[in-house]
Structure formats: structure tokens, C-alpha cells
1. Could you pull out every residue, at least 5 positions away or on a different chain, whose amide H is within less than 5 Å of the one on Ile15? Hs are placed 1.01 Å off N in the peptide plane, and Pro or chain starts have none.
2. Give me the 1.4 Å probe accessible area per residue for segment 72-172, excluding ligands and nucleic acids, in Å².
3. Compute, for Asp222, the solvent-accessible surface of its heavy atoms (probe 1.4 Å) with the complete set of protein chains present, and express it in square angstrom to the nearest 10.
4. How large a share of the accessible area of segment 103-220, in percent, is made up of carbon and sulfur atoms when the probe is 1.4 Å and the other protein chains stay in place?
5. How high is the relative contact order of segment 103-220? Use alpha-carbon pairs under 8 Å, at least six apart in sequence, and give a whole percent.
6. Counting only the backbone N, which residues of segment 143-180 are under 16 Å from the spot 7 Å out from the Cα of Gln125 toward its beta-carbon?
7. Got a sec to turn the phi values of segment 131-143 into Karplus ³J(HN,Hα) couplings, 6.51 cos²θ - 1.76 cosθ + 1.60 with θ = phi - 60°, whole Hz, x for Gly and Pro?
8. At 20 °C and a viscosity of 1.002 mPa s, what translational diffusion coefficient does Stokes-Einstein give for segment 103-220, taking Rh as the Kirkwood radius over Cα pairs? Give it in µm²/s as a whole number.
Amino acid sequence: MGIISRIRGELVDVIEWFDDSRSTLAWRFPRYRNEIKNGAQLVVREGQRAVFVYRGQLADSFGPGHYELVSENLPVLSSLQGWQHGFASPFRSEVYFLSTRPVTDLRWGTATPVTVRDPDFTMVQVRANGLCVVRVADPAVFLREVIGTDSSVDTEEIAELLRRVICTAFADLVVGTGLGVIDLQGRQVELAERLREFVQERVDDEFGLRIEGISLTVSLPDEVTEAMTRGVARGVEQARYLDNVGPVDRFQRGAVAEAVVEAARNPGVGGAMVGAGVGVALGQQAAG
């Protein structure tokens, strides 16, 4: 680095982060030898958090706002560097900006199917996929476990990590519920919330992330789907048959009742003939 770049690096007194990508989770502000002037201005925008790191230790953290970097505003850093009466310009520290906005387009899916014990289809292999909404919740844990010494971290770097965690949690969820494949498909909304809780337990303390939501779609093998479709089709046909038979049966019963009343009103040969016909009809219904 040339002398002009060094001077420019030491004279820059505004620390801020412009992020147009919406895919960057963390970014380290570039400074020559990490030196910051006394009285420099720190600008933290909405959806951001600025964190000072000194020799690998998390120091002061700032939410959205405009700050003047003096010893009064940096109590943790002042303690770490042993400043008794303020500090001389410049001072050394790394500054990381973290995005606190939720990442909403992180897709996940099972790389290999999960075997489910089903009461109707015995052993069935199912797959699942969906979307995950995640955000950085604990800057200290995220810095230590995810960022490390990287100058920036984007969503793709944590996407694969989260996919593995979600897929493992889904397999554990399926085994733990003991549900068959039909129930798995019918209760996807309920299971999605339980899956979110499973994943949250595994990423909060380990990676400093918060799972805002997970969507879940369970996919069954084609042969199982076809068998279920055929079963539904048979059920529909049976329902149609019963709907058609029911009114006819009720009509016949009504006709028989009317014939009985008419026979009672007209005694004699005609009534006897009607009565005989009614008896035959009743016998046929009984046989049916």
C-alpha cells in the first residue's frame, strides 16, 4: 500500500456500510492497520448492527444511529485497551457490520429420502423441501462461530450449513412423530412449526441465528400417490352409487306405503289383488 493510501486510510473519519445486495450477512470495514481516528463518525443504518472487535474479543456494539467515536461511547473497548484518560488518535480495532434483516429466500430440501413406517404402505421413502427465513440474532456467537477471520459472509455460506441442519431435524421429526405418510401430508402446517422449533434449538447457541419461519412440503413416491388416487376414486364411485340408490329405495318404500293405504280403503277383490301385489313387493325388498 502506497503512502497516499495510508494517509487516506488514516484520515477517513466516517465508518459506514452501504449494502445493495441484501445477501451479505457480515462485512468488515476496511482500514489501514485497523486504525480509527479519535472522534470518527459511525453511521449504522436500519437493519444493521456495528460491532467492534479488539484482538479477537467482542467489544462495543451499536444499533441504528449516528455516533461519535470517543472513549465515553466505547466503554468496553476502553477497558480492553486500558485507556485511563481517553485515547490518543488513532486507535486500533476491527469494525464489523452485521445485517439484522431476515433472509427470506433460503431454499432447502432433503438430499436423500427419509424412510417412514406406514400402517398402510409398510415402508415408504418420503422427501421434503421448503423455504427458511433466518436472521442474525446473537452477534457475538455469529462472529465467533461463523465469521472467524473472514472479511465478509453472505447467505450462500450459511445456506448449506442450514440445509444440513434442517434435513437432519426433519428426519428426527418424522421418526419422533410416528405418523404415516397420509398424516404427514395432511398436517404439513403443524409439522412445519415443530420443524422450526427443532432447527432453532440447534442453531441459536451454535451459530447465533434465529429461525423466523420454515415452510414444509412433503413429497411421496409416485406409486404411493397413484395408489392413494385410486383409493379416492373408488371412494367417489361408491358415494355416487349410494347417492343414486338411496332416492330410488326411498321411492319404492313410499309406493308400497301408498298401496297399503289404498287396499285398506277398497276391500274386496281389488283390494285383495292390491294386497297380494304389496306382499310380493315387500318380499322383494326383504330379499334385497
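The values are calculated or read from the model by the stated rules, or taken from the named source; none is laboratory data. Please read these numbers as outputs of a predicted model, since none were measured by experiment. When we count neighbours, we look across all protein chains shown, and the Cβ atoms used for this are built from the backbone with ideal geometry, even at glycine. To get the accessible areas, we keep the full protein, side chains included, count just its heavy atoms, and leave off ligands, DNA and RNA. Shrake-Rupley method; radii C 1.70, N 1.55, O 1.52, S 1.80 Å.
1. Gln41, Leu42, Val43
2. Working: 5170 Å² over 101 residues.
Ligands and nucleic acids excluded, the result is 51 Å² per residue.
3. For Asp222, the solvent-accessible surface is approximately 110 Å².
4. Working: 2710 of 5900 Å².
Answer for segment 103-220 is 46 percent, counting heavy atoms of protein chains only.
5. Values: 176 pairs, mean separation 46.5, N = 118.
Reported relative contact order: 39 percent.
6. Backbone N within reach: 171.
7. 10, 10, 10, 9, 9, 6, 10, 10, x, 5, 5, 5, 5
8. Reported coefficient: 144 µm²/s.
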